[in-house]
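Q: Encoded as structure tokens, here's the structure I'll be asking about.
Computed from the coordinates by the stated procedures, all read-outs in this text should not be read as laboratory data. Computed from a prediction, not measured in an experiment: that's the story for all the values here. Every residue, glycine among them, receives a Cβ derived from its backbone with ideal geometry; neighbour counts consider all protein chains shown.
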Amino acid sequence: MTAAVPAQPDPPAPAPGAPRSRWARIARWAGAVFMLAVIGLLVHVARSVDWPAVWFSLQRYERGTLLGAAAFVAASFAVYSSFDVLARRYAGHSLPAGRTALIGFISYAFNLSLGNVIGGVGVRLRLYSRLGLDGPTISRVLAFAVATNWLGYVLLTGALFATGSARVPPGWPLSDTALAAIGAVGVLAALAYVAWCALARKRVWMLRGHAVELPGARLAVLQLAASALNWSLMGAAVWVLLHGEVRYLAVLSVLMLGAVAGILMRVPAGLGVLEGVFVALLGHRVPHNELIAALLAYRALYYLAPLLIAALLYARQEAVARRLRAAAA
């Protein structure tokens, strides 16, 4: 376990009227162009989809297919819940591992449907504080869980791109060679993180006035492995719902791209964005109605069902916390 590190005073703010960084302006305009492109894509997809055919495809799902996808969904949530258990070791708190994993599950389900502010931050803050954790410890848990999720994303996406498992559709300006180069950079970045955790002599760094402590190398490896496994299970759920019509690695690659597009668009649950990305990248291989039907089924299994379960569990956790606080008083 790592010891808590006291935060340092915030650094002085830049002087009023300081010129904006050129790269900041470029990033802002690039983000705006990307959002406009995705919005145009969504409008195009919505107009081109045969919605009665989508409903017909949904009705054709067999129970075995839905149960298989649900099994991958359950496994994914179990793996994600382990992020908070790993964070327990990093932050050094003593809450039971089972209760910690339960908070991870609840926050993840709320995060998917209601956004990071409510789910990833708000729910964790509420439940952990009700169980007696202080603010700095909760912040360490949250930062570790978020970092774990995206470190594994970078590693897995990089591996998919670098090995040629992900291919761009015909007519796209980005070549397979460029995609492989981007992937190699991602893999090297993830491996560099592990090496940094293993070899760095300076273990505490300041980030915007907050002290950030590096985990050990073993914990860093567990971060990458758990997150990469979680993303892989998510892709497997979609692949099953597509009846294996597309290679698993191709489905996983598109899912990874859709996840980032949904975040950049800041749409709750990435609603419509994920579907648009799948149609754009796989629409030349799978009929649009089957793609949309698979993703609607995926949303029901991966978003709605866990959200209902999490809401019930959240109410129960609130009741448990009240009893514990009353007993302590």
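Q: P(r) for the stretch 179-242: what percent of alpha-carbon pairs falls in each 5 Å bin, starting at zero?
A: 4, 15, 15, 18, 19, 13, 8, 4, 3, 1
Q: Order by neighbour count: H284, H243, fewest other Cβ atoms within 10 Å first, most last.
A: On the way: H284 10, H243 14.
Placing the least packed residue first, the sequence is H284, H243.
Q: Still on this structure: In the neighborhood of S165, defined by Cβ-to-Cβ distances under 14 Å, what is the net charge if each Lys or Arg adds +1 and each Asp or Glu adds -1?
A: Numbers: positive: R167, R247; negative: D176.
Every neighbour counted, the sum reads +1.
Q: Let me ask another. Mind pulling up the Rg/Rh value for the stretch 64-160? Radius of gyration and Kirkwood radius, both on Cα. Provide the component values of the computation, followed by the final result.
A: On the way: Rg = 14.0 Å, Rh = 13.9 Å.
The Rg/Rh ratio comes out at 1.01.
Q: Fewest Cβ neighbours within 10 Å first, please rank Y90, Y128, Y61 accordingly. Please list the in-between numbers first.
A: Values: Y90 22, Y128 25, Y61 15.
Listed from fewest to most nearby Cβ atoms, that is Y61, Y90, Y128.
Q: Further question: May I ask for the net charge around I106, where only other residues with Cβ less than 13 Å from the Cβ of I106 are counted and Lys, Arg are +1 while Asp, Glu are -1?
A: Spelling it out: positives minus negatives among the neighbours equals +3.
Q: By count of other Cβ within 10 Å, fewest leading, how are M206, M234 ordered? Working shown, then result.
A: Details: M206 12, M234 24.
Fewest-to-most Cβ neighbours within 10 Å comes out as M206, M234.
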